[in-house]
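The values are calculated or read from the model by the stated rules, or taken from the named source; none is laboratory data. Keep in mind that this is a model prediction, so the values were computed, not measured. As a convention, Cβ positions derive from the backbone with ideal geometry for all residues, glycine included, and neighbour counts pool all protein chains shown. Areas reflect the complete protein model, heavy atoms only, side chains present, ligands, DNA and RNA absent. Shrake-Rupley method; radii C 1.70, N 1.55, O 1.52, S 1.80 Å.
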There are 4 protein chains.
Amino acid sequence: MNEVSTNILLIHCPDESGLIHKITGVIYRYGLNIISNGEFVDRVGNRFFMRTEFSGVPPTDLLHELHALLPANASVKLTTLKNKDVVIMATKEHHCLGDLLIRHSYKELNANIKGVISNYPDLEGIAKRFEIPFTCISHEGKTREEHEKEIYAVVKTYKPDFIVLAKYMRVLSPAFVSLFNNRIINIHHSFLPAFTGANPYAQAFERGVKIIGATAHFVNDSLDEGPIIAQSVIPVAHSHSVKEMTQAGRDVEKQVLAHSLDLVLKEKVFVDGNKTIIFD
Amino acid sequence: MNEVSTNILLIHCPDESGLIHKITGVIYRYGLNIISNGEFVDRVGNRFFMRTEFSGVPPTDLLHELHALLPANASVKLTTLKNKDVVIMATKEHHCLGDLLIRHSYKELNANIKGVISNYPDLEGIAKRFEIPFTCISHEGKTREEHEKEIYAVVKTYKPDFIVLAKYMRVLSPAFVSLFNNRIINIHHSFLPAFTGANPYAQAFERGVKIIGATAHFVNDSLDEGPIIAQSVIPVAHSHSVKEMTQAGRDVEKQVLAHSLDLVLKEKVFVDGNKTIIFD
Amino acid sequence: MNEVSTNILLIHCPDESGLIHKITGVIYRYGLNIISNGEFVDRVGNRFFMRTEFSGVPPTDLLHELHALLPANASVKLTTLKNKDVVIMATKEHHCLGDLLIRHSYKELNANIKGVISNYPDLEGIAKRFEIPFTCISHEGKTREEHEKEIYAVVKTYKPDFIVLAKYMRVLSPAFVSLFNNRIINIHHSFLPAFTGANPYAQAFERGVKIIGATAHFVNDSLDEGPIIAQSVIPVAHSHSVKEMTQAGRDVEKQVLAHSLDLVLKEKVFVDGNKTIIFD
Amino acid sequence: MNEVSTNILLIHCPDESGLIHKITGVIYRYGLNIISNGEFVDRVGNRFFMRTEFSGVPPTDLLHELHALLPANASVKLTTLKNKDVVIMATKEHHCLGDLLIRHSYKELNANIKGVISNYPDLEGIAKRFEIPFTCISHEGKTREEHEKEIYAVVKTYKPDFIVLAKYMRVLSPAFVSLFNNRIINIHHSFLPAFTGANPYAQAFERGVKIIGATAHFVNDSLDEGPIIAQSVIPVAHSHSVKEMTQAGRDVEKQVLAHSLDLVLKEKVFVDGNKTIIFD
């Protein structure tokens, strides 16, 4: 923990008077230098959120001191900007995976991609181009429980900080999701909450919408319902076919997924119930 | 019909070979000058759509000649860019109405606003500022049928080409809607099909979305389900309250409604089943 | 100063260690409740900026206490969310003025519009609709100095906190601008720094751009060069005429101007050299 | 020429009456089936542009027949949607090149990338991952003329339909450009015409803009001045460093370049003086 890189302090707790003063007091007293600071109070839930970047060597008992000042059930996390370990799960589509692999190969992702797991063999080629281990675990002839057990056996060998669903087209069970609480990021190919479920571009085409979008979110028990991290949209027109909408949507998907990963991997995202608080 | 202003010819019919050649042939033969021309074929429904602006005096039997060349059930409409007569229905919110009244007072709307009808008296002031007749028809103590009967009695005196629902917050009955088929334009305060129904900004806040939007659409029997004319969005953040999302949404609503009216009143919009074809 | 409404504390000064801790300490000690808080350090200029909203009655010597803790040349401002007094200057175009007048008439602007001044009589009608004093001060046959002297004679009777140039199409002299340092907001009809000067839509049309925009900025000595508050854009196409680009641009202009005024009038904007820091 | 794939007919000429009727008449007479059709008249230059997609085998004398009907100096081009041959030139930055290589490897680009040429060796790795020939031609110690002569020696072996400057950071001479008239596409890292020249993100940071962008354009004699094909923007804030603006800008650059290539390679772009006409 005593490294000299940029430190990130993440605190959330019930709101009460004087929190900023108390927290910055500890940092100030140790001669640590705040680089940037952000606070937010969720007035509905009366929750306080604070993210502080600071330089200098944090003392070993910083967390203890902070806990002593804060409400009893405060969450305090001290981390750094070092790369996080990530496993990518995908199915057949390459656009999100390919974009992440290029960013990773040029060290732009703040992550070590430890491996790619897919239920089809199609993406082995692109993973190999970037020398990332690829494991195909077919779901065919298996129950969801059996399939996820095999996936988990591989995932756990990577000890990932986060799992990225880069167009993984199967629903994960609550049991699997609960193993990685708020640590699974999914890209959904629509502007949620519109067009949940499969085939959103066909739905969008049928409905005659003039804008389509993509949503990156943490995965929780309910499909397509976890806290939203980022969304973006592009205009479409009556002249676009489903195929053209799909292609246009892919460019939005990969951009939104990369952006949301950048936020998550730089520890800029708090989860607040079914929402996210983002310090950017 | 024999005026010298810009003429607009709107044709839709089952697609078949040679339609553009035949239609432009009639125009060419009469020495009419095409200013702009657009065609679209809906490949799913195999429908042909064509919009032609031309100058010159159209001969009286232009439509007959065209019908003789086209498939039996072709729709052929010849109109001009002259102002259309419009009635606005609203409830309490002023932002869409006010924006339309200013545009109208400076002759930017391609419309004559004949009157404003509301189920509350709140907007009488803004209508009066712009010298537009205002009628308050309260819905209280009346069945929907009775209320709409009173509204219709006023509306029909204006003989409107279009009815604009500028934040009219009550559901119109299928019976009323059927009197103005594809001639009622509504602004819905969300990015349809997300957040149908009442209070979409509260829904958006609860869901923690990162983008909100607005949708202008023709009204048909099903609430929030008619052909979409235009949509637009703006980003929001976790720091925005429901009130701030609502305020931000209003700016999008009025811009989308004005834009969609501009398209409709300039005869740039075809309805194709539950979609629109827009020649812009 | 001792009112109970929301207070806003605005501080900027050279950055040094412990500033947040010291400032929040004073607020905490007086039992004042922080509603929201934002800080930013400009690393290039090593300047610290902090905006704090708090409720409660601020003690009379709050500013003295803060100055005692802060670097010698710190700027400390204590204000509230009460409406600011505003004068609008315009020329002939109505779209920005009309939008502000409607917002003002529904108390959405956080401002009291004291009067409208124009160098042409065209906008008297719209001002009268909203019962706002209108003064026409023609520039014809006058030097810029003479003209501005007449304008100033009217402006000063209103004692405005801010002057809004809502499409005022003449260049203000440095002498006039210096009387209202960082208190004049202009809407420029282009995406600055592209297309400075007159007739930007004609320039945009000539250049064949695919996006046009608008820029709201504080006015300083150099035309079109003050700190930018807000910008927005919309797509255009080869099929748009200069007139259509102008019309599309107007909708962006009025939206950007209203948004930037909302930021300024809610005291969310710091000027940092030739840039703005915005706490939103 | 007698293939059965989708044919594309591109015509531009001085505008005159009856052009659409005459052109579609030839197509109709040969029993060719129009899939989509677009026309545009540049009213300033009085130029007519038409793009027609049709299926069926075009007769060998189609072009002769068309020329016979059209004004003397009409440009008539008959092509297909088959892949075009492309050479990519780059310098050190990988984001645009990488994005194009992935799209190419999945056959999404409508192009055969024949080779990559760079004045630095940095990008050899990414080209090799995708098995595309890479040639490093250093400019050091050479005149521009000498350097371009070496580049041309390589380029001509590929016989490219188009040259893509995917962040090639040197200015091409008019002599070189004239060899590939309207066939060189460049991505400029700013929202032209703002921030021409080098280091636009540093310029944008200095100016304190709230939106940055990217521009894809054909290259002509004047640097940063050719016909614009596509532009896009993203918002930035005072909190963004030059580095963060640069990173954000890269995502826009690669998206705009890919989109503009899609338009060009599908033959949807006409050059009209210093502008483009786009049929999408």
Is at least one residue of segment B:33-54 within 23 Å of B:V269 (Cα to Cα), modelled with pLDDT under 95, open to solvent by less than 20 Å² (accessible area, probe 1.4 Å) and aromatic (F, W, Y)?
yes
Verdict on A:S55 being under 30 Å from B:V242 (Cβ atoms) and among the hydroxyl-bearing types (S, T, Y)
no
Would a scan of segment B:16-31 turn up a residue that is in contact with a Ser or Thr (Cβ under 6 Å, 6 or more places away or on another chain), closer than 23 Å to D:I34 by Cβ and among the polar types (S, T, N, Q)?
no
Strands (runs of 3 or more DSSP E) within segment C:174-275 that include 3 or more residues more than 12 Å from chain D (Cβ to nearest Cβ) and in contact (Cβ under 8 Å) with a residue 12 or more places away in the chain
C:184-188
Among D:P200, D:P227, the single one that is over 19 Å from the mean Cα position of the chain (by Cα) and open to solvent by less than 30 Å² (accessible area, probe 1.4 Å) is D:P200
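Return the only residue of B:K149, B:K114, B:K77, B:K82 being at pLDDT 95 or above, of a type in the set (D, E, K, R) and not in a strand (DSSP E or B).
It is B:K149.
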Which is among the acidic types (D, E) and in a loop (DSSP other than H, G, I, E, B), of C:E93, C:E39?
C:E93
Go through (1) within 12 Å of another protein chain (Cβ to nearest Cβ); (2) aliphatic (A, V, I, L, M); (3) more than 22 Å from A:M50 (Cβ to Cβ) for C:V26 and report which single condition fails.
(3)
Of C:H139, C:H104, which residue is modelled with pLDDT of 95 or more and within 23 Å of the chain's Cα centre (by Cα)?
C:H104
Pairing a residue in segment D:137-161 that is farther than 20 Å from D:K92 by Cα with any residue that is at pLDDT 95 or above and not in a loop (DSSP other than H, G, I, E, B), where Cβ atoms lie under 6 Å and the two sit 6 or more apart in sequence or on different chains, gives D:Y158/D:V87; D:Y158/D:K114; D:Y158/D:G115; D:P160/D:D85; D:P160/D:V86; D:P160/D:V87; D:D161/D:K84; D:D161/D:D85
Only one of B:F49, B:F40 is under 25 Å from the mean Cα position of the chain (by Cα) and either more than 10 Å from chain D (Cβ to nearest Cβ) or basic (K, R) (or both); which?
B:F49
Is it the case, given these coordinates, that C:L109 is more than 9 Å from every other protein chain (Cβ to nearest Cβ), surrounded by 15 or more Cβ atoms within 10 Å (Cβ to Cβ), out of contact with any Pro (no Cβ under 7 Å at 6 or more places or on another chain) and not in a loop (DSSP other than H, G, I, E, B)?
no
Looking for something within 22 Å of the chain's Cα centre (by Cα) and closer than 18 Å to C:K275 by Cα - is there at least one such residue anywhere in segment C:15-31?
no
Of the residues B:H217, B:H259, B:H240, only one is surrounded by fewer than 20 Cβ atoms within 10 Å (Cβ to Cβ) and at pLDDT 95 or above; which?
B:H259
Show the residue pairs that are 6+ apart or on different chains and have beta-carbon atoms under 9 Å apart, the first residue being within segment C:70-89 and at negative phi and open to solvent by less than 20 Å² (accessible area, probe 1.4 Å), the second being of a type in the set (V, I, T) and part of a loop (DSSP other than H, G, I, E, B).
C:T80/C:T6; C:I88/C:I132
If you go through D:F195, D:F279, D:F180, the only one that is under 21 Å from D:E93 (Cβ atoms) and aromatic (F, W, Y) is D:F195
In segment A:172-194, which residue that is over 17 Å from the mean Cα position of the chain (by Cα) and of a type in the set (A, V, I, L, M) is most open to solvent (accessible area, probe 1.4 Å)?
A:A175
Tell me which residues, restricted to segment C:11-21, are buried (at least 19 other Cβ atoms within 10 Å of the Cβ) and over 24 Å from D:A237 (Cα atoms).
C:H21
Would you say B:I212 is modelled with pLDDT of 95 or more and in contact with a strand residue (DSSP E or B) (Cβ under 8 Å, 6 or more places away or on another chain)?
no
Residue, nearest to A:A166 (Cα to Cα), within segment A:71-106, restricted to residues that are of a type in the set (G, A, S) and within 11 Å of another protein chain (Cβ to nearest Cβ)
A:G98
Look at C:I8 and say whether it is open to solvent by 50 Å² or more (accessible area, probe 1.4 Å), in a strand (DSSP E or B) and under 22 Å from A:R43 (Cα atoms).
no
Scanning segment C:6-33 for residues that are over 12 Å from C:L62 (Cβ atoms) and touching an Asp or Glu at 6+ places or on another chain (Cβ under 7 Å) gives C:T6, C:I8, C:L10, C:I20
